[in-house]
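Take a look at the structure below.
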């Protein structure tokens, strides 16, 4: 009762603010039976707040009065005065002595409530009559005779969804249609009118509308479901057209009265593909991935859902045939099978491609492409069309569906035509991309067949090979699989020409699945042939946006084939041979990575059994040891691992039915086998042991102990490689000692065995024993940073002490030479020198080495000595220099690590100009932090030795303290230094920006001088937020502006040949042209602009002057175009429209098409980089077109401006159409 009344209220009330009607067991809770706050709809829905009480069948007036008084007692007076009391009983009022109207009147007169209503059984019948959608629903719910020719939304959905093997989900119908669903709901909740939508069939439109309602928020769903009525006969439609507050979904015969119904309520006008409809009315067809995601919600596994989505061609109608619950209706187009055979064989093509047209014509009976085109256009308009047309592209909607229904019609002549077509298409070899090859005009180039035709033919061959039984294919004298094998084998050059394999590209994986034997044999033959031919497969080809390589297509094909146990060994060995020849590149898809994905123990990309995988892995290791070792390492267990999916076969089962269930035991067994393989390949290689040790902590304890035992024996017989292996063991031991309590740490038994090996095989040489401490800045010794640092520093100090004690100066210098961090050796060595003279002795010996390691050792050693005893160390250096132990050339090395300040600089000066100059040439430009005088001295010292970049870097945080002449001197001089080192120029950009920002604040420099500096540095200036002085110069000096145009563009009457002869185009000139063009292109400072305003006279005077100079230099048109580019950057006007009214006046006054063309072009370019999803279409462009049209309407008093804005809008309309077509093509393809 409560649920039905709640539905009746939603179907009647125009606006509901709050409603609560618990039903079923929930109706037994304490409190009122129902609560409502809504706008009133007489006679049954009161206005405002109301409480509802429900009686039972056969209830008497006395019982009603008892319940009524009970609620009066339970409810406060203040609340009752604001609430209407409603009593509902399914029984008809039966009290002859007291009429219902009198009972209600008595209650009202008591004034206990704002108002009182009583709805009995007869009134409920009337209310249901007024709400036929609710009546239809409950008639079906209660098993009563349904209303003739009408059903509820729930009834329709249950019937429609039950056509499928598992019940159709709303997600399938709404796939790729989210925006359209939102738009439909808005219309359905709106005022009376037509909502026209089209799909493959009218019923699909209704299903879409109901699915949108069912997936809306709960309130919207309940509100609409209680109003939706689906009439299917004229009589029912005419009868229900007298009701209000309904939403009509007419179907079948009732569609003829959709106009009448639309005057009473929102009315869905559903159309099939065979009916005329505007493009905006058509429901989007989802992409295959979107459709598959929807099908997955029907309870299918992801792979099965994707396969079904492909077979159904993204069509719900075809899905009902491919995945039916009961009998399947034959498609209408099956009767026209002979006409469709060429299209089904081709699969798809581009009608604008001449080469495609020739192939399609060859598949027809009379070689008449135009006749086929006309016939297919008619078929494309059927409700359930077999083929789609998007732009110039034709594609069979559901290739499997069409093949299964029509394949039995293929005759001997059809197979001959198909064979000729496939050989023609797949024999075409791409010309290599060669920059030095002769240019051929596009009209004379060989047109490659479209990817639509290539993919379609490959798919057809695959279907013939795999699905011939389902389609009842009969190839005279041959098995269909053998026919496909013979066809592929007959491709000219298949076994000898690697370029043919490369040219198959995206279709290779389909053809490999269709004809694995001939293609695999051909590839195996090539792999055994000339290695330079195979190397060419790894060549880089520049794609449209990024480089690619032919080997990618071969890998994808072999990965697909590797799923099949029958071809597993041959496919993986072929990949391994490719890996052997792979020289590597920045393209990430490498053959060995494909092998890893296929063999990965915990996620094998194959249906091959574990025993077969292990046997083949062993064979690869024996056959190709180098590849086997790399692959085995990649397969070892890791703490955090990832995997990538390889492409599965499209149609072949490839052993999927017999695939083993992947259990923990299988994974462990596979990993154990890999470990066994790895340990068996180490041989005499210490570097291989290092690689194994780094993976050891992810093995089981038993495997770890076994490996350590094997390693112990190996070290005993390979003492020459002991140190490098010991270092790796020591690192592992330290790591697990530091985190001994972690879950991932080695067990105590393993850790003890590991530490035992470290102690047993530790080098007796102090240098070798200590080297690991100086190979990284902070080796792992503790679990926390402070602890780790303290332990490392203590160990380093002890190590250096032992080296000095055991091997003296020779050992110390050897340690510094071999260490990766020699500066650390110097720091700790200084602490162990007994006297400063000992440090000097070490330094003088290190100076003899003349290596980078020795230089870093000396710098840190001398810096630490200065910390230890500044005065004594300075004096010692002075004495050693006088005595000749330290020369002017090598003395600066000792001073480079000293504090960067005036004390150090004064000490350096004491050694003369030569030493001082060398010091400033070598020292790093640390940020200057001393006094103002020190700042200037440091900057000037760098400049004296020609290090202007260093002066810039050292002073960039204190530019405010630098005199203007110093800043300009640095900038003027720096450019020569940067020209000789382009890499350093990139690193200096930030500092240059800072210097220019400082100049902007100065009043003692003219803007023109800043502009001249900006001109030189313009390629480096990145701070686009600052106002460039050079832009202001361009906006105020027409002659300077036009000089840029004359620099870049030749005069209109000047011949190119003359310019070539008369001008020597040096690198410097080309650089100037590039700079001028960039400056001109980025100029957006409008003359006369001030904040959001633009002064018309100033702007017009500048434009007039520039145009006059442009005409004088015979560059009138290009000048106008660039004036247009500048005007495109005008601000909007206060009236909300673009451009500013001053610019509108300019456009009207100039009356210059070239200027307007420049504005339009620049406005398009100003859109910049944008992103959109693959199937988004032209929504963004339509929004832009609308914006420009609105601006055009606002500018209607400026007719040329309005026309200009309209042309820009039309440009975006065109881009929107192109984007829509690309989106639809993407949906067709994906």
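Each row is one residue, and each column tells you yes or no for (1) modelled with pLDDT of 85 or more; (2) within 17 Å of residue 117 (Cβ to Cβ); (3) within 58 Å of the chain's Cα centre (by Cα).
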position	(1), (2), (3)
5	yes, yes, yes
10	no, no, yes
26	no, no, yes
32	no, yes, yes
52	yes, yes, yes
55	no, yes, no
68	no, yes, no
75	yes, yes, no
96	no, no, no
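Could you tell me which numbered condition residue 645 fails, if it satisfies all but one of (1) part of a loop (DSSP other than H, G, I, E, B); (2) without any contact (Cβ under 8 Å) to a residue 12 or more places away in the chain?
Evaluating residue 645 over (1) part of a loop (DSSP other than H, G, I, E, B); (2) without any contact (Cβ under 8 Å) to a residue 12 or more places away in the chain leaves (2) as the failure.
Taking helices (runs of 4 or more DSSP H) that do not extend beyond the stretch 184-258, which have at least 3 residues that are surrounded by 24 or more Cβ atoms within 10 Å (Cβ to Cβ)?
Working: elements: 202-214, 218-225, 234-240.
So the answer is 202-214.
If the requirement is being surrounded by 20 or more Cβ atoms within 10 Å (Cβ to Cβ) and more than 46 Å from the chain's Cα centre (by Cα), which of these qualifies: 931, 951, 955, 941? Please lay out each step first, then the result.
Working: 931 fails: surrounded by 20 or more Cβ atoms within 10 Å (Cβ to Cβ); 951 fails: more than 46 Å from the chain's Cα centre (by Cα); 955 fails: more than 46 Å from the chain's Cα centre (by Cα).
Criteria check complete, one pass: 941.
Answer with yes or no whether residue 34 is under 27 Å from residue 14 (Cβ atoms) and crowded, with 20+ Cβ neighbours inside 10 Å.
On the way: under 27 Å from residue 14 (Cβ atoms): yes; crowded, with 20+ Cβ neighbours inside 10 Å: yes.
When the stated conditions are applied, residue 34 passes them.
Do we have any residue at all in the stretch 1139-1155 that's over 21 Å from residue 1041 (Cα atoms), in contact (Cβ under 8 Å) with a residue 60 or more places away in the chain and not in a helix (DSSP H, G or I)?
Within the stretch 1139-1155, one or more residues are over 21 Å from residue 1041 (Cα atoms), in contact (Cβ under 8 Å) with a residue 60 or more places away in the chain and not in a helix (DSSP H, G or I).
How about the stretch 684-797: which helices (runs of 4 or more DSSP H) wholly inside it have at least 1 residues that are closer than 26 Å to residue 831 by Cβ and out of contact with any strand residue (DSSP E or B) (no Cβ under 7 Å at 6 or more places or on another chain)?
Numbers: elements: 686-695, 701-716, 722-738, 748-760, 766-770.
Counting at least 1 such residues, we get 722-738, 766-770.
Search the stretch 1161-1183 for residues being over 18 Å from residue 1131 (Cβ atoms) and crowded, with 18+ Cβ neighbours inside 10 Å, and hand back the single one that is modelled with the lowest pLDDT.
Across the stretch 1161-1183, the extreme among qualifying residues is 1175.
In the stretch 373-402, which residues are in a strand (DSSP E or B) and farther than 13 Å from residue 348 by Cα?
Taking the stretch 373-402 and keeping what is in a strand (DSSP E or B), we get 387-390, 393-396.
Those that are in a strand (DSSP E or B) and farther than 13 Å from residue 348 by Cα: none in the stretch 373-402.
For the stretch 650-657, indicate whether the set of residues that are within 30 Å of residue 508 (Cβ to Cβ) and either in a helix (DSSP H, G or I) or assigned by TED's automatic domain parsing to the domain that holds residue 606 (or both) is non-empty. First the steps, then the outcome.
First, pick out the residues of the stretch 650-657 that are within 30 Å of residue 508 (Cβ to Cβ): 650-657.
Within this subset, residues satisfying the condition of being either in a helix (DSSP H, G or I) or assigned by TED's automatic domain parsing to the domain that holds residue 606 (or both) are 656-657.
There is at least one residue in the stretch 650-657 that is within 30 Å of residue 508 (Cβ to Cβ) and either in a helix (DSSP H, G or I) or assigned by TED's automatic domain parsing to the domain that holds residue 606 (or both).
Can you name the residue in the stretch 620-640 that is part of a loop (DSSP other than H, G, I, E, B) and loosely packed, with under 13 Cβ neighbours inside 10 Å and is also modelled with the highest pLDDT among such residues?
Taking the stretch 620-640 and keeping what is part of a loop (DSSP other than H, G, I, E, B), we get 624, 636-640.
Remaining after also requiring loosely packed, with under 13 Cβ neighbours inside 10 Å: 638-640.
Working: 638: 91, 639: 86, 640: 87.
The qualifying residue modelled with the highest pLDDT is 638.
For residue 1169, work out the one condition from (1) assigned to a helix (DSSP H, G or I); (2) farther than 30 Å from residue 309 by Cβ it doesn't fulfil.
(1)
Residues of the stretch 153-163 being surrounded by fewer than 19 Cβ atoms within 10 Å (Cβ to Cβ) and in a helix (DSSP H, G or I), which ones?
154, 155, 158, 159
Out of (1) more than 48 Å from the chain's Cα centre (by Cα); (2) crowded, with 19+ Cβ neighbours inside 10 Å; (3) under 26 Å from residue 686 (Cβ atoms), the odd one out for residue 781 is which?
(1)
Identify, please: which residue in the stretch 1119-1147 is over 40 Å from the mean Cα position of the chain (by Cα) and buried (at least 18 other Cβ atoms within 10 Å of the Cβ) and is, among those, nearest to residue 1052 (Cα to Cα)?
Filtering the stretch 1119-1147 down to residues over 40 Å from the mean Cα position of the chain (by Cα) leaves 1119-1120, 1141-1147.
From the residues that got through so far, the ones that are buried (at least 18 other Cβ atoms within 10 Å of the Cβ) too are 1119-1120, 1141-1144, 1146-1147.
Values: 1119: 11, 1120: 13, 1141: 33, 1142: 30, 1143: 27, 1144: 29, 1146: 25, 1147: 24 Å.
Applying the filter and picking the extreme gives 1119.
Please go through the stretch 164-183 and pick out each residue that is crowded, with 21+ Cβ neighbours inside 10 Å and either assigned to a helix (DSSP H, G or I) or more than 27 Å from the chain's Cα centre (by Cα) (or both).
168, 172, 173, 174 - these are the residues of the stretch 164-183 that are crowded, with 21+ Cβ neighbours inside 10 Å and either assigned to a helix (DSSP H, G or I) or more than 27 Å from the chain's Cα centre (by Cα) (or both).
Output the residues belonging to the stretch 89-109 that are in contact with a helix residue (DSSP H, G or I) (Cβ under 8 Å, 6 or more places away or on another chain) and assigned to a helix (DSSP H, G or I). Explain how you work it out, then say what you get.
As a first pass, look at the stretch 89-109 and keep what is in contact with a helix residue (DSSP H, G or I) (Cβ under 8 Å, 6 or more places away or on another chain): 89-93, 95, 98, 103, 107.
Matches in the stretch 89-109: 103, 107.
The values are calculated or read from the model by the stated rules, or taken from the named source; none is laboratory data. The structure presented is a predicted model; accordingly, all values stated were derived computationally and were not measured. In this analysis, Cβ positions are derived from the backbone assuming ideal geometry, glycine residues included, and neighbour counts consider all displayed protein chains.
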